[in-house]
Amino acid sequence: MSECKYKRVMLKLSGEALAGANGFGIDFNVALRIATEIKELVDMGVEVGAVVGAGNIWRGRQGEDMDRTTADYMGMLGTCINALALQDSLESLGVMTRVQSAIEMKEVAEPFIRRRAMRHLEKGRVVIFAAGTGNPYFSTDTAAALRAAEIEADVILLAKKVDGVYDKDPHKHDDAVKFDTLSHLEVLEKGLQVMDSTASSLCKDNNIPIIVFALDEPGNIKKAITGEKIGTIVS
């Protein structure tokens, strides 16, 4: 069995990741594949927290003619839908989970309580943090960084559609250069779109490393936590 480099991790998934090739909504085959990879970590003794975005359902900028706060709250509700979908996929594999929401919805999720979240992790449950930070004007990147700091995660696993951090968009520029390692300060100074600046600053101030890697290649999550060279490491 591979040795885990990290004991407690925060997995940040984009909402688009759950959409698969459809680009919208939830592809439950994709959700099950992701859940299978998370189960592998749990079976290895890794404590897993997760934050899922809502880009497959709603993006705040879609509502450009709307009140920004209303649009952001709609996005938070979208993350709750995705969190429940991921929870269902995990539990179909026998993985114990809890969804904790930053917005109270006691019929479907626990409220976020830091000590309770940490206790769940210690018991081997996957904790999925929904509804962002509970505040408008903050992204799910910031929620992942904040919750990672609160639960004292060893690392943030940032699963994306690209296989690391580039100096420019590799989908638009053939000459884009990939970085193997970066410092948090370099990310902020260069304006690299790893996470938004608030999330990057939180990670910098709390010394939380980030591993950026492509989610669409099966096995990448395990490679990241066993220290295999993959994607870009920001530390």
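The values are calculated or read from the model by the stated rules, or taken from the named source; none is laboratory data. All figures in this text were calculated on a predicted structure; none of them were measured in a lab. Cβ placement follows ideal geometry from the backbone for every residue including glycine, while neighbour counts extend to all protein chains displayed.
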Within the range 170-190, the count of residues that are of a type in the set (A, V, I, L, M) and assigned to a loop (DSSP other than H, G, I, E, B) comes to 2
Any idea how many residues of the range 191-214 are of a type in the set (S, T, N, Q) and part of a helix (DSSP H, G or I)?
4
Condition (residue is touching a residue at least 40 places away in the same chain (Cβ under 8 Å), in contact with a Pro (Cβ under 9 Å, 6 or more places away or on another chain) and either not aromatic (Phe, Trp, Tyr) or not in a strand (DSSP E or B) (or both)) applied to the range 46-54: is it met by at least one residue?
no
Select from the range 217-235 the residues that are assigned to a loop (DSSP other than H, G, I, E, B) and in contact with a Gly (Cβ under 9 Å, 6 or more places away or on another chain) and write down the one among them that is surrounded by the fewest Cβ atoms within 10 Å (Cβ to Cβ).
ILE230
Within the range 166-175, count every residue that is exposed (fewer than 14 other Cβ atoms within 10 Å of the Cβ) and either among the charged types (D, E, K, R) or under 21 Å from the mean Cα position of the chain (by Cα) (or both).
6
Grab the strands (runs of 3 or more DSSP E) fully contained in the range 73-161, keeping just those with 2 or more residues being modelled with pLDDT of 95 or more and either surrounded by fewer than 15 Cβ atoms within 10 Å (Cβ to Cβ) or aliphatic (A, V, I, L, M) (or both).
126-130, 155-160
Selected residue (criterion: nearest to the chain's Cα centre (by Cα)) from residues of the range 130-147 that are of a type in the set (A, V, I, L, M, F, W, C) and under 18 Å from ILE208 (Cα atoms)
ALA144
Residue check, GLU217 against (1) touching an Asp or Glu at 6+ places or on another chain (Cβ under 9 Å); (2) modelled with pLDDT of 95 or more, all met but one. Which one?
(2)
Take the residues in the range 176-216 that are more than 30 Å from THR36 (Cα to Cα) and small (Gly, Ala, Ser); name whichever of them is surrounded by the most Cβ atoms within 10 Å (Cβ to Cβ).
SER201
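What number of residues within the range 5-22 are buried (at least 17 other Cβ atoms within 10 Å of the Cβ) and either more than 19 Å from the chain's Cα centre (by Cα) or of a type in the set (A, V, I, L, M, F, W, C) (or both)? Full working, then the answer.
The first filter runs over the range 5-22 and keeps only residues buried (at least 17 other Cβ atoms within 10 Å of the Cβ), leaving 6, 8-20.
Now restrict to residues that are either more than 19 Å from the chain's Cα centre (by Cα) or of a type in the set (A, V, I, L, M, F, W, C) (or both): 9-11, 13, 17-19.
Counting residues in the range 5-22 that are buried (at least 17 other Cβ atoms within 10 Å of the Cβ) and either more than 19 Å from the chain's Cα centre (by Cα) or of a type in the set (A, V, I, L, M, F, W, C) (or both) gives 7.
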